[in-house]
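So the structure is just underneath, and the comments pick up after that.
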Amino acid sequence: MSDVSGVDNLNSGSTGDVSLTGIKSAVDNLNAGKAESSAVVPNTRQVAGHALSADVTLSKSDVGLGNVDNSSDTTKNSAAVTLTNKTIAGGSNTISGITEAMQSTSDVTTLNVSTSKHGYAPKAPNDTTKFLRGDGSWNAIPGAYLNGFGTWASATADGTGYQVTTDGFLVGSFAQTSTGASYIYTDSAATPTTQRVGAAPSTSAGSLTPFMCPVKKNDYYKIVLGTGVSCTVFFLPLS
């Protein structure tokens, strides 16, 4: 406590001299002591669950840093990390060091390519007759696409339109004369008007002008012969 000497004589009834200056100094010291007492923290107060009745030692868990350690940044960056249901976002992230041996190649189909998304090729069926189709499935090529040409059939060259029921070719030759040109027309009209082949008159006796003219399925063909011209023609369908 602050020094209050000189005031004791007042309390004991002594007749010793007490100066006014001494009294004022004593009062000032008392007021100062009172101020100090009001600033003292009670020892029942706690910090992070520790009472102030003794020295307090705080741990990292007391301040919410329980998972912090003193390992270096180099050690942290090289440590293995397992991410579960996490999303790595941002344009500056780079994932490297992933080798083929690290990738799972089990029989899981959820990441297979489909018509709605990119993906892995589906597992090969071990069947050499099947091919990967545009819908992402393995399928055999239908037999209808493997048969090639069908059976030769006679065609008619009389200026009338004739319909074909499959894709194919008109194959033949014109025996031209010097007075007539010959033509082949094909399109979707019953009497086609779109010229596909033309043969000019020829002055060479017995001159043959060969031709091959494709015709689409369900289209019509018409062969118009010039004066005195003869024609040998067949239709070769595609299966």
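The values are calculated or read from the model by the stated rules, or taken from the named source; none is laboratory data. Quick caveat, the model's predicted, so the values are computed rather than measured. Cβ sites come from the backbone with ideal geometry, for glycine too, and all protein chains shown count toward neighbours.
Counting just the residues of segment 195-239 that are outside any strand (DSSP E or B) and within 14 Å of G172 (Cα to Cα), which one comes out modelled with the lowest pLDDT?
S207
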Restricting the search to segment 110-130, which residues are polar (S, T, N, Q), at negative phi and surrounded by fewer than 10 Cβ atoms within 10 Å (Cβ to Cβ)? T110, T115, S116, T128, T129
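Yes/no matrix, rows are residues, columns are (1) of a type in the set (K, R); (2) under 36 Å from the mean Cα position of the chain (by Cα); (3) surrounded by 13 or more Cβ atoms within 10 Å (Cβ to Cβ); (4) not assigned by TED's automatic domain parsing to the domain that holds M212:
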position	(1), (2), (3), (4)
L132	no, yes, yes, yes
G136	no, yes, yes, yes
P142	no, yes, no, yes
G161	no, no, yes, no
D167	no, no, yes, no
S173	no, no, yes, no
Y183	no, no, yes, no
Limited to segment 138-194, what total is found for residues that are among the hydroxyl-bearing types (S, T, Y) and assigned to a strand (DSSP E or B)? 7
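Suppose we filter G180, G168, G161 for residues that are closer than 30 Å to T227 by Cβ and either touching a Gly at 6+ places or on another chain (Cβ under 7 Å) or of a type in the set (F, W, Y) (or both); which single one remains?
Working: G168 fails: either touching a Gly at 6+ places or on another chain (Cβ under 7 Å) or of a type in the set (F, W, Y) (or both); G161 fails: either touching a Gly at 6+ places or on another chain (Cβ under 7 Å) or of a type in the set (F, W, Y) (or both).
Step by step, each of G180, G168, G161 is checked, and only G180 is closer than 30 Å to T227 by Cβ and either touching a Gly at 6+ places or on another chain (Cβ under 7 Å) or of a type in the set (F, W, Y) (or both).
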Take the residues of segment 202-218 that are buried (at least 17 other Cβ atoms within 10 Å of the Cβ) and farther than 18 Å from T166 by Cβ: which is farthest from the chain's Cα centre (by Cα)? S202
